[in-house]
Amino acid sequence: RPLCTPKFWTYDSLLQDQLRGCKSNADYVHLLHTSTVLRNCPFLVPLKRRLQFFNRIVTTDREMQQGTNERHNLQPGIRIRIMRGRILEDGLLHLNSLKGNLRKRIIVSYCNQAGAEESGLDVGGLFKEFWTDLSALAFDPNYALFRTTDESSQNGTATSGCLYPNPSSKAAHGSKEHVVLFEFLGRILGKALYEGITIQPQFAHVFLSFLRGDYNFLHMLPDLGTMDPTLYHNLMFLKRYEGDATDLCLTFTIAKDDFGGTTELELCDNGSNMEVTNRNKQRYINLVAKHHVYDCLREQSEAFTRGLWDVIDPSWLRLFNEPELQVLISGASEGCIDVSDWKSNTRYVGGYTGFDPNIYRFWNVVSNHLSKKQQANLLRFVTSCERPPPLGFASMNPPFTIQRVGISAEEGDKLPTASTCFNVLKLPTYSSEKILKERLIYSIDSGTGFELS
C-alpha cells in the first residue's frame, strides 16, 4: 500500500530555473550529470518536468545527429525499402546492424506485394508509420519472445496483460538467435523513444526494472504475483503455514518446463538433498521467486537492454521509476484518448475555424460515434501513432491540424486524406454528419496506405 500521497515528495519549482537556462544539448547533459537531485533522487522533481527534460535532451541530440530543415542542415539519412507484408523481416534485415547509427535519420519507402513502390514521399510520416507497425509486430506474444502477465492476477488492473520476456525463448528460437532478436527489439524501443513515437506495448514491472539497469530485488514477490499467480499463492501459503514445513515434502529444487520437456533444477548447492523446514522456508521462498523473476529473464532482458542503450543513454532512463517509464514509452492515456485535450490543441487551416459546422460535426462524430479503437485509428491515420504523446496533445509537434478541402455536392464520395509528416487531416466539406461519419470511418479502417488516395 502507498507510504504517502503520490505528490508528498515532489517540490514543484525544483530545477525549473535551471531547465529554462539550458539552450543546447551540452547544457542538458551537463545538468543531468552535475545535478545531485537528478542523479540520486529524481522523484523529487515533478514527473511532467522530467518528461519535458527527457524530451528536450532527446530532441537536441536528434537535431545534432539528423539536422533540421529550419537550420538547412538536414542530413541525407539511411534509406531502406520495406514490403508491407514483410515489415518485421525487412526491418531486421536492414536495421539491426546499424546499432548506434539508429540515431541517424531513417528514410522509408514502401512497396506493395507486387514489388511496386508506393507514391508516398517520406518526410517523417512514413517512418513513423513503419516504426509503429514494426513495434506492434515485434512485441506480439505469438512470436514466443514475450509472455503476458496473468489477467486474473490483479483483478484486471493495468498490471494485467503486460509483456515480459518469455523464459522459454531460447528453446523456441535457439541460444544465439533469441539474443539477437531481443537486442533488435531493444533497438526498436530505443528508436521509438528517440523519435518521440508513442507505441502500444505495455510492459510488466519486472521488465521495466531491467530497462533501468537496476532490478529491485525487494519487488520479487509482487512481480511473481503478476507473472504466475498460482505459484505466488503457493509460496504465500508456505510462508503462513503454521505446521511443520517438512510435512510438505519440499526440497530446494524446482521443475523447469520447456515446451513439454521437464527438468529438475537445484536452487542452491546440493539443493535436492536439502529439505525445506520452518527455519529455512523464507530462504526457499526468496530463491524460488528470484529464479522466476530474475534468473529466467536475465539473459533476454540484458540483451534487450543492450539494444535499447545503443540508442538511448541509460542515464536518461534512470530519471523515471517503472510506472513512469511506461508513461514515457506509451503515454498516459491507458488506451483511452482524451478527446477534450485533443480538441483544445487542434489547429485549423485552409478556411476552417473552431466554429465551422463541419468541425462541430467532426468532433461530435469523434466523441460520440467512434469506438476507442476507431479513435486510435483516426489518430494513427493522421499522425502514424495511435497514442498521444506522454505530455498530451499540447506537446505534439507539429500540432494536430485539420485542413479544409472544399467539394461540390457531386463530390460527396471524396474521402478524407492525411499528411502524416505534418499531422494534417484533410477534411472535405461534407453536406451532413452522416456522410462525414461514413467517409471518415471508411478511411481510418481501410489500412491500405497511400494506394487508397
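The values are calculated or read from the model by the stated rules, or taken from the named source; none is laboratory data. Treat the numbers as computed from the prediction; the structure is a model and nothing was measured. Positions of Cβ are generated from backbone atoms using ideal geometry, with glycine treated the same way; all protein chains shown enter the neighbour counts. Heavy atoms of the whole protein, side chains included, go into the accessibility calculation; ligands, DNA and RNA do not. Shrake-Rupley method; radii C 1.70, N 1.55, O 1.52, S 1.80 Å.
Odds and ends about this structure:
- Some residue of the range 325-332 being among the polar types (S, T, N, Q), open to solvent by 40 Å² or more (accessible area, probe 1.4 Å) and at negative phi: no
- Scanning the range 325-366 for residues that are under 30 Å from His33 (Cβ atoms) and in contact with a Pro (Cβ under 9 Å, 6 or more places away or on another chain) yields a count of 6.
Matching residues to (1) open to solvent by less than 20 Å² (accessible area, probe 1.4 Å); (2) at pLDDT 90 or above; (3) hydrophobic (A, V, I, L, M, F, W, C):
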| site | (1), (2), (3) |
| --- | --- |
| Leu319 | yes, yes, yes |
| Ile337 | no, no, yes |
| Tyr348 | no, yes, no |
| Phe393 | yes, yes, yes |
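- Looking across Leu93, Leu98, one residue alone is at pLDDT 85 or above and open to solvent by less than 70 Å² (accessible area, probe 1.4 Å). It is Leu98.
- The residues listed here are Asp257, Asp223, Asp269, Asp247; of these, the one that is out of contact with any Leu (no Cβ under 9 Å at 6 or more places or on another chain), open to solvent by 80 Å² or more (accessible area, probe 1.4 Å) and in a helix (DSSP H, G or I) is Asp247.
- Filtering Leu145, Leu181, Leu189 for residues that are surrounded by 21 or more Cβ atoms within 10 Å (Cβ to Cβ), closer than 28 Å to Ile57 by Cβ and either at pLDDT 90 or above or not charged (D, E, K, R) (or both) leaves a single hit, Leu189.
- Qualifying residue in the range 63-85 (condition: within 19 Å of Leu317 (Cα to Cα), touching a residue at least 24 places away in the same chain (Cβ under 8 Å) and either surrounded by fewer than 18 Cβ atoms within 10 Å (Cβ to Cβ) or not aliphatic (A, V, I, L, M) (or both)): no
- Elements of the type helices (runs of 4 or more DSSP H) sitting completely within the range 1-112 and holding at least 2 residues that are hydrophobic (A, V, I, L, M, F, W, C): these cover 25-34, 36-40, 47-66, 87-95.
- Of all residues making up the range 23-41, the number that are more than 14 Å from Val58 (Cα to Cα) and either touching a residue at least 40 places away in the same chain (Cβ under 8 Å) or under 26 Å from the mean Cα position of the chain (by Cα) (or both): 5
- Residue satisfying all of: in the range 348-365; among the hydrophobic types (A, V, I, L, M, F, W, C) and out of contact with any helix residue (DSSP H, G or I) (no Cβ under 6 Å at 6 or more places or on another chain); nearest to Lys437 (Cα to Cα) among these: Phe362
- Residue, nearest to Gln75 (Cα to Cα), within the range 46-60, restricted to residues that are open to solvent by less than 40 Å² (accessible area, probe 1.4 Å) and touching a residue at least 60 places away in the same chain (Cβ under 8 Å): Thr59
- Among the candidates Leu415, Leu379, the residue that is farther than 30 Å from Gly213 by Cα and touching a Lys or Arg at 6+ places or on another chain (Cβ under 6 Å) is uniquely Leu415.
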